[in-house]
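Since the structure comes first, as structure tokens, the remarks are kept for the end.
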Amino acid sequence: MTDTTALIGVDWGSSNLRVLRIGEGGAVLDRRADPRGAVGLEPGDFPGVLNRVAGDWLVDGAPVLICGMAGARQGWVEAPYRPCPTAVADVAAGLVRPDPARPVAIVPGVAFSPGGVLMDVMRGEETQTFGVAVDGLVVAPGTHSKWITVEAGRIVAIRTFMTGELFAAVRTATLLGVGMSAPGQDPDAFRRGVERGLEDRSLSAALFSVRVEGLAGRLEPGGAADYLSGLLIGAEIAGQDPDRLSGPLTLIGEAALSARYEEALEMAGGPCVRVADVEQATAAGLWRIWEATQ
């Protein structure tokens, strides 16, 4: 194993930036992070931010491959969505180069348009999905949770749930969130929330149970965020076709959040879950896309 840089991988999310120094085969040699996500940047800002975060890694001429929101319409330069079904080679064929004078390319997102009607999109999760290289369901929990169907190595369907963003909005901008602390303090409250989310399909009504449970003395203030998190994750799982939960499922996400989804899926009687490391999945996916261009 060599520590020679073969590829600079960039995952440019909406709210933060991760840069990976990648060796042959997709091994992560080093990493850096920065809070300057794509939201709030002008197109002309992206090169400067990248140089400030990882300029010393760029001097040797290693190729740079960027996934995520840098390719959005409001990003560095738009990398048009590739339609489902989409394989690694299809995504590689859609790479966009913002500056022909530099070895920098941006990965396109993927669009799901059954019957020619646009129904869902994603940017960044396609790279992670190709990184785990498995068929079945791939779930990427986060601000916008993605449920991705993979068949014969191709992404064939996408469904997005705004679970993370809804959690943040309820916690910070509604009556239910007044005095609510951070989650992770009350595992029992989380499980009770999951049970409510799995059973009650009327989400807007179920949400008010956060307040009712507190007023009734059945929910301590320190557990309110955990209950809310469980309720929303349970509702997300309840929204799936039961047939989709009968096969293999891979989770790709931050460790603590993936653990919550794994527990909720087990409570729902879901399949055996494989949990993948998000950083390694991103690096492996970028490497596979880059290899497909050679």
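List of remarks:
- Expressed per residue, the C-alpha convex hull volume of the stretch 1-151 stands at 119 Å³.
- What separates the Cα centres of the stretch 150-201 and the stretch 114-147 is a distance of 18 Å.
- Contact order normalised by residue count of the stretch 105-232, Cα under 8 Å, 6+ apart, percent: 19 percent
- Percent of alpha-carbon pairs separated by more than 28 Å within the stretch 125-266: 20 percent
- For the stretch 203-294, the C-alpha radius of gyration sits at 1.43 times the compact-globule guess of 2.2 N^0.38 Å, with N the residue count.
- Between the stretch 94-111 and the stretch 227-261, the Cα center-to-center distance that results, in Å: 32 Å
- Gyration tensor (alpha-carbon) shape descriptor, the stretch 1-89, a/c threshold 1.5: oblate
- Shown for the stretch 27-68: the carbon plus sulfur share of the solvent-accessible area, taken with all protein chains present and a 1.4 angstrom probe, equals 50%.
- Taking the square roots of five times each eigenvalue of the Cα gyration tensor of the chain, the equivalent ellipsoid has semi-axes of 36, 21, 17 Å, listed largest first.
- For the chain: relative contact order, % (alpha-carbon pairs under 8 angstrom, 6 or more apart): 17 percent
- Heavy-atom surface of the stretch 200-294, accessible at 1.4 Å and reported per residue (Å²): 45 Å²
- Theoretical ellipticity at 222 nm over the chain - DSSP helices of four or more residues, -39500 (n - 2.57) apiece, nearest 500: -10500 deg cm²/dmol
The values are calculated or read from the model by the stated rules, or taken from the named source; none is laboratory data. These figures come from a predicted structure and were not determined experimentally. What goes into the accessible areas is simple: the full protein's heavy atoms, side chains included, and nothing from ligands, DNA or RNA. Shrake-Rupley method; radii C 1.70, N 1.55, O 1.52, S 1.80 Å.
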